[in-house]
1. Tell me which aspartates and glutamates have Cα within less than 14 Å of K482's Cα, excluding those fewer than 8 residues away on the same chain?
2. For a Förster distance of 45 Å, can you work out the FRET efficiency between the beta-carbons of V366 and D286, rounded to the nearest 0.05?
3. Using a 10 Å cut-off on Cβ atoms, rank the peptides 95-108, 281-294 from the highest mean neighbour count down.
4. With labels modelled as points extended 7 Å from the Cα through the Cβ direction, what inter-label distance (nm, one decimal) is found for R225 paired with E126?
5. Could you do me a favour and compute the accessible area per residue for the range 119-239, 1.4 Å probe, result in Å²?
6. What FRET efficiency do you get for V41 and Q441 if R0 is 51 Å and r is their Cβ-Cβ distance, rounded to the nearest 0.05?
7. Find the accessible area per residue for the range 292-340; the probe is 1.4 Å, ligands and nucleic acids are left out, and the unit is Å².
8. Using a 1.4 Å probe on the protein chains only, how many percent of the accessible area of the range 71-197 belongs to carbon and sulfur?
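The values are calculated or read from the model by the stated rules, or taken from the named source; none is laboratory data. Remember, it's a predicted structure, so these values are computed and weren't measured experimentally. Heads up, the Cβs are rebuilt from the backbone with ideal geometry, glycines too, and the neighbour counts pull from every protein chain shown. These area figures cover heavy atoms from the full protein model, side chains too; ligands, DNA and RNA do not enter into them. Shrake-Rupley method; radii C 1.70, N 1.55, O 1.52, S 1.80 Å.
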Amino acid sequence: MIDKPAQLKPEETEAPLVPPATSGKKDSKPARNLISKLPYVLGGITIITLLALAFRPAPTLVDVAEVKRGDVRVTVNEEGETRIRQRYVVSTPVEGRLARITLNEGDRITKGEVIAQLDPIAVDSEIAAAQGRLRQWQAEKEGVATQRPKTEAISQAEARIRGAVAKERENQAKVEQARASWEQAQRDRDRNQQLYSDGVISRQVKERAELEETAQDRALEAAIRAADSATTEVKAAESALAILQGEQQDPDYLLDVYDARIASVRAELEKLNDDANRMEITAPVDGYVLRINNESSQYLSAGTPILELGNVVDLEIVVDLLSADAVKVKPGATMFLEHWGGDSTLEARVRYVEPAAFTKVSALGVEEQRVNVVADFTNSDATGDLSQIGLGDRYRLETKTVVWSGEDVLSIPLSAIFRCESQAKSTNSDRWCAFVVENNQAQQRQLEVSQRSNFEAVIEGGLSESEIVILHPNEEIQSGTKVKAVR
């Protein structure tokens, strides 16, 4: 007979599942409550963390640049223009009526070519009048009869002799007076030399005595020359009197007068003939017609400008700089030429800076002192025929004149530096500062800036290569401000 298994009571089947120590209902309830509240605790912590992250100060976004080494050029930038080096203004050589000019601006001309014509009628009439006067003086010379000199002329000659003799005597007296003074000065000199040797007087007194002796010697020589001149004048007056006395029977002086008049008219005729030969105006050089000042037929006085000529293959650059910038430019400085119409950058070299400035009113109505700086082309493609690259007279271009250059120097963008606050009111205006990014924070650094171009500043001290500086710092950036670099 098979025995049926014994049926267990509920208490006996559940007893092994629960340990005796923890089987009570009073100990298991707090654990179940903690587990049920855990999601709420974690959610609160997450919300607090998100709020803290949301309201914490965000770092300031800044533009930065790296401190680098390289070549830097400091330039003075200004608009300039080309100019023909040798400009020739052709004017009327004589007074007359100008015939209409047939040339046009831009026409090429050669040296010696006729470029203008004056009407020769006026000159021809003056030549005819001069020839008439010449024949008149020649006829009067041939008809001169014997005529004695006037008594008044002889009296004047005698009076001249008396005056010359009196002047001669006066000068002789001055010679004797000067000689006496010179001898006295010699004695004073000898005496002072002896006193100087004995140590009685100073060297200055001795030298003064020697100077006085020299001065008196020169005065004596001058008096002697004056006396000789007076003697010569006496002889000349006596000769004039003798000539007048001889001309009482021979009127040669009238013949001399007519000879002088005839010579004067002949000289006038030579000038008029030269003017007649210059009625045709020729070109002084090979080149081009730059400007026609008087094109129509009109009557012009001598010296009136007619044409301007020049050779466009011989150009130079002229730039009017502010006088404060011009003092930085030296002869021989390099000049770069841009935006002249071509794709390449031309080069020039400063030849000279004009010594005088001029006043120019700017576009804003401000009076400025300007100085012209003149430079020559140095490019191999520009030193030849400049007309081949399209440049002509008074063409506009932009110039950059180098006033300082450095190789392998430490530099930063110019927008990174600013005046130090401690030096803002100081007389020393060369103190600059910049903000450097260190550990994501801005730190102010004082710099030594030697040169500044339009875009860069050369740093002599205060920064090292590869450091990061902040560009365009504003009032929000202070030392210790957290920043985030934006490149």
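1. In chain and number order, the partners are D63, E438.
2. 0.55
3. 281-294, 95-108
4. My value for the distance between the label points is 4.3 nm.
5. Spelled out: the 1.4 Å probe surface of the range 119-239, per residue, equals 68 Å².
6. Working from the Cβ atoms, E equals 0.90.
7. Averaged over the residues of the range 292-340, the accessible area is 41 Å².
8. 45
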